[in-house]
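Just so you know, all these numbers are worked out from the coordinates, no wet-lab data involved. This one's a predicted model, so the numbers in the text were calculated from it and none came from an experiment. With ideal geometry, Cβ positions are generated from the backbone for all residues, glycine too; neighbour counts draw on all protein chains shown.
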Amino acid sequence: MFIVKSKSMITKAVLIRFEAKSATETEARHFLRLMVTNEKSASFLVWFDYRTYGVFAAFSNEDARTFFISGKAMQQVAENSEKYFESAPTILKMEILANKIPIKMSNVDNKGLLLSFHAKEGNEAQVAQFLRNAESMVDEEPGTTAWFAFSSEDGVYGIFDVFPGNGERVKHLLGQVPREMIKKGFKLIGSIPDVEFLKVLEETEY
């Protein structure tokens, strides 16, 4: 059985996207790695595509998230923005509806997924409950290391999760949560889900 932490420990998250400059992409990637490894919360550095990177970090409360966003790491990002990045990073705040995180890391993860969509008007509560209900299904997936269901301040719902390899990610995509979404969830969703396949470059020992 895959042991997980108390579900009440994670309530907030943030996804910060960066567009690295071509000439300094290697340095930018190293800079972002340090940003994640120095963070004490559950944090991941991911690569989306081309020169787009992201930092996903989850927290126990709003104070911890605010401290991260306004803290030393983000100040260093601002100070080095012109050197490493095409523009200022975009910051998306999230409310964590449900999650699965291990007590102790047993795998090094190198694959990830980001699924995002809008709820049909009036169905927001049902979508949130669907994502909460998915938690018990994911707890039975030993190949899904960490999983976060979220809603965001701009009305987006979704899932961020990570895996040791592509095999575990494919197994998750063929698993119970996607089947339930096709069967029930699509009646509640107001947009075609946007699925982004990620490469995990760094993660904390959360």
| task | Would you indicate which of (i) 1.17; (ii) 1.63; (iii) 1.00 is the value of Cα Rg over 2.2 N^0.38 Å derived from the coordinates of this structure? | result | (iii)
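Within the set of other residues whose C-beta is less than 15 Å from the C-beta of Pro193, count the net charge using Lys and Arg as +1 and Asp and Glu as -1.
Neighbour charge sum, excluding Pro193 itself: +1.
Which net charge results for the neighbourhood of Tyr53, defined as the other residues with beta-carbon distances under 11 angstrom from its beta-carbon, given Lys and Arg at +1 and Asp and Glu at -1?
Summing Lys/Arg as +1 and Asp/Glu as -1 gives +1.
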| message | Could you compute the net charge surrounding Leu15? Neighbours are other residues with a C-beta less than 12 Å from the C-beta of Leu15; K and R count +1, D and E count -1. | response | +1
| request: Provide the FRET efficiency to the nearest 0.05 for the Asn123-Ala78 pair, computing r from the beta carbons and using R0 = 35 Å. | output: 0.35
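How long are the semi-axes of the equivalent ellipsoid of segment 22-144, defined as square roots of 5 times the Cα gyration tensor eigenvalues? Whole Å, largest first.
Sorted largest first and rounded, they come to 29, 18, 16 Å.
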| remark: Given the candidates Met137, Ser81, Pro193, the one whose Cα lies deepest towards the positive end of the charge dipole of the chain, counting +1 at each Lys or Arg C-beta and -1 at each Asp or Glu C-beta, is Met137
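Mind checking the dipole of segment 7-201: about its Cα centre, +1 per Lys or Arg Cβ, -1 per Asp or Glu Cβ, Debye to the nearest 20? Spell out each step's value before the answer.
Details: 24 positive and 25 negative charges, 77 e Å.
Its charge dipole is roughly 380 debye.
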